[in-house]
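I have placed the structure first, in the form of structure tokens, so that the comments after it can refer back to it.
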Amino acid sequence: MTTTAHVKPAPADAQEVAHFDSIAHRFWDPQGDFKPLHALNPPRTEFVVTRAGLRDARLLDVGCGGGLLAESLTRAGARVTAIDLAPSMIEVARLHALEAGLAIDYRVLSSGELLAQAPAQFDIVTCMEMLEHVPEPDHTLAELASLVRPGGHVFVSTINRTARAFLIAILGAEYVARMLPRGTHEYGRLIRPSELARWGRAAGLEMREIAGLEYNPVSSQASLSADPGVNYVAWFSRPARS
């Protein structure tokens, strides 16, 4: 079982943080730079809600951005702490939650910094669309595993490293349809499910399920599927102590 003492702090990518910080003011525009996230949010929220009990659960959202998932999970009954390293994103998230009347504990903080303060304190940890943007995703996943309590759940979404994902998520979304700014994703940083599962095992997590997240560019809607060939979401659990 992974413990706090064995988790190497995961480094952040300063260039990635600065990029997202610079476009934070456009986060809540459903037709703007974050349009795909707005489409993906309902099915990824559904995936979490239907697999973990959220009522009064202490939930941590890592890499929360402007608070899209954090707000959805708060409305579903969780007590949410949400962290991000981009100060402008956290400012946008706080203002939007205030306008919506939602109590969310937003912090400019890394998962490693929070782990030093509160190991194994959360019932559920989510980390969506972030692992492909960090230099050492295996170490970040180990931090997520140590932040969740024994018997708790970890949910992660990312992009598969396949030729189809390159064509759809990078070439199509960034260069043809221009749904995302060019350079948002690097093919070499995309993550195969087998890699994610291996990192999870090393961190003391059990892979429970993987589901695809399919985006329809015509309807601008997304849904869960059985095909993880492009976007996918994974459910891990941390075994309870015997």
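Read-outs throughout are calculated quantities, based only on the coordinates presented, and are distinct from any laboratory measurement. As the structure is a computational prediction, the values presented were derived from the model and not from experiment. Cβ placement follows ideal geometry from the backbone for every residue including glycine, while neighbour counts extend to all protein chains displayed.
Can you give me the long-range amide H partners of G204? Hydrogens built in the peptide plane at 1.01 Å from N, cutoff under 5 Å, separation of 5 or more residues or another chain.
Hits under the 5 Å cutoff: T2.
Report, for the chain, the % of DSSP beta bridges that are antiparallel, rounded to 5.
Approximately 50 percent, going by the DSSP bridge assignments.
Taking a temperature of 20 °C and a viscosity of 1.002 mPa s, what whole-number D in µm²/s does Stokes-Einstein yield for the chain with Rh from Kirkwood over alpha carbon pairs?
121
Less than 13 Å Cβ to Cβ from E195, Lys/Arg counted +1 and Asp/Glu -1: what total charge do the surrounding residues give?
Spelling it out: positives minus negatives among the neighbours equals +2.
Sort the range 25-94 into rounded, prolate or oblate with this rule: let a ≥ b ≥ c be the square roots of the eigenvalues of the Cα gyration tensor; rounded if a/c is under 1.5, and if a/c is not under 1.5, prolate when a/b is larger than b/c, oblate otherwise.
It comes out oblate by the Cα gyration axes.
Non-local amide H neighbours of E129 (under 5 Å, H modeled in plane, Pro and chain starts lacking H): which ones?
Close amide H contacts, sequence-distant or interchain: S157, T158.
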